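The values are calculated or read from the model by the stated rules, or taken from the named source; none is laboratory data. Since the model is a prediction, treat every value here as computed from it, not as a measurement. Cβ: placed from backbone, ideal geometry, glycine included. Neighbour counts: every protein chain shown.
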Amino acid sequence: MFRTRSLPAGFLHLKIGNVLLIRIVNRDILICLMAKQHKRTSRPSEDHTASSAGSKRNCSHRDKLMSGKRVLPRNLTGSEKLVQVIDEAFLAYNSARLKEGCRLFVEKMLQPDVTVGMSLSGALTPAGLGCSSIVPLIKAGFVDWIVSTGANLYHDLHFALNYPVCVGSFKLDDTELRRNDIVRIYDVLLGHGDCLMATDEVLRNILVRPEFQKEMGSAELHYLIGKHCAAWERQHGLKDVSVLAAAYRARVPCYTSSPGDSSIGMNVAEVELRGNKLRLNPCTDVNETTAFVLAAKRRGGKSAVVMWGGGSPKNFMLQTQPQIQEVFQIEESGHDYFLQVTDARPDTGGLSGATPSEAVSWGKVDPNTLSDAVVCYTDTTIAMPLLTSYALAKHKPRKLRRLYDQRGQMLKALAKEYFACNRVKMVDGSDPLLD
């Protein structure tokens, strides 16, 4: 028997064999169903059993693919430690990527033979991340060299000088803030006159001191400023509030990829008009950071990069490998460990969202270690305190590498290998002096 479905009111239908005549208003539609009569050759239960068995035979990798931890976490009670929450409740999506990043950092990047570079983009120090996270990471020996926006290092000075940076609101009237001499970084408030301009005045006064009257790289500039930051901390009875002070004490070199793109560079430019002799040489920064990475590899160790945000600091940190391979033509394979926290998408083509697999094509990341690369798409202000707390709880402090004090030695080793690989002379035609 052929069974027809009920039709809405107003529909007339007549079944003749396998032909159904449907009358809709004044139009006749003839539908040939031509349904084939299927013979049952076996019982349904036998079909199901055979299908299941065949499916199991064809899924040779099923057990391996389904071998991950079951998603069945315990109820949270409020008594858990942060490490427990990350390990046991961060099971999917970007929480799982953050857990992977935390474990990559603790279990592999913090091994004694790994040199860790860290890039800082976005307004992190005004948000308090310098105090809460970056300083503890430096003190624990968990970061060996830094590339930062100049703005992060400039705003770090407010904390060393004990100038207030306050929690505000993104809903405030900016015209009203301007009238009241207040500057807003989203929901963080700073005084214009008694914080920004006061910091500028202090900065200009130290930039004209004798030790600044020469050409230097940004690491030396920030080291000299960091020495003053450490003194300001002591003067105001503060402890561990300044990134530059902590970096000075730990001899962690701090670079900026765009020296003129911050209030530090702006004040350097101001005193230059008055005859100051300070000159920042970006070539020094390129060669020193490249020397750190090459030295890590030549000592039989590994190179790790941790990038908070993207932008120019991320590129400056990653370009150390193309500098070695493409420009210096020294055989190398790329960074070994890659961790980035970003909110940038990869499909727009910007470097901020570029994936580690794309970096492989540039020689920035070793293709053999691509499994040790994690990208977490979230806000740095969320992820950085979590990773810092996790790392401090799970790993004991490392011996400080003090790369700032090794810059000269590592630069000589870089130059020696460069000339050995390229067989070139100095631009004036003389032989290089490598001793």
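Conditions tested, residue by residue: (1) farther than 21 Å from G217 by Cβ; (2) over 16 Å from the mean Cα position of the chain (by Cα); (3) surrounded by fewer than 24 Cβ atoms within 10 Å (Cβ to Cβ).
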{"residue": "M109", "(1), (2), (3)": "yes, no, no"}
{"residue": "D113", "(1), (2), (3)": "yes, yes, yes"}
{"residue": "L120", "(1), (2), (3)": "no, no, no"}
{"residue": "G130", "(1), (2), (3)": "yes, no, no"}
{"residue": "G141", "(1), (2), (3)": "yes, yes, yes"}
{"residue": "L157", "(1), (2), (3)": "no, yes, no"}
{"residue": "P164", "(1), (2), (3)": "yes, yes, yes"}
{"residue": "V167", "(1), (2), (3)": "yes, yes, yes"}
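Matching residues to (1) closer than 21 Å to N287 by Cα; (2) assigned to a loop (DSSP other than H, G, I, E, B); (3) not acidic (D, E):
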position	(1), (2), (3)
Q321	yes, no, yes
I324	yes, no, yes
I330	yes, yes, yes
S333	yes, yes, yes
L339	no, no, yes
A344	no, yes, yes
D347	no, no, no
S352	no, no, yes
A359	yes, no, yes
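When you look at D336, is it in contact (Cβ under 8 Å) with a residue 60 or more places away in the chain, charged (D, E, K, R) and buried (at least 21 other Cβ atoms within 10 Å of the Cβ), yes or no? Answer is yes for this residue.
If you scan region 224-244, which residues turn out to be under 19 Å from R407 (Cα atoms) and surrounded by 21 or more Cβ atoms within 10 Å (Cβ to Cβ)?
Across region 224-244, the qualifying residues are I225, G226, L244.
Within region 267-304, the residues that satisfy the criterion of being in a helix (DSSP H, G or I), of a type in the set (D, E, K, R) and touching a residue at least 40 places away in the same chain (Cβ under 8 Å) are E270, D285, E288, R298. Selection of region 138-177 for residues being free of Cβ contacts under 8 Å to residues at least 12 places away in the same chain and assigned to a helix (DSSP H, G or I) yields D174, T175, E176. Considering every residue within region 296-308, establish whether at least one is touching a Lys or Arg at 6+ places or on another chain (Cβ under 7 Å), of a type in the set (S, T, Y) and buried (at least 24 other Cβ atoms within 10 Å of the Cβ). There is at least one residue in region 296-308 that is touching a Lys or Arg at 6+ places or on another chain (Cβ under 7 Å), of a type in the set (S, T, Y) and buried (at least 24 other Cβ atoms within 10 Å of the Cβ). Within the option set I206, I185, I225, being assigned by TED's automatic domain parsing to the domain that holds N281 and within 24 Å of the chain's Cα centre (by Cα) holds for one residue only, I185.
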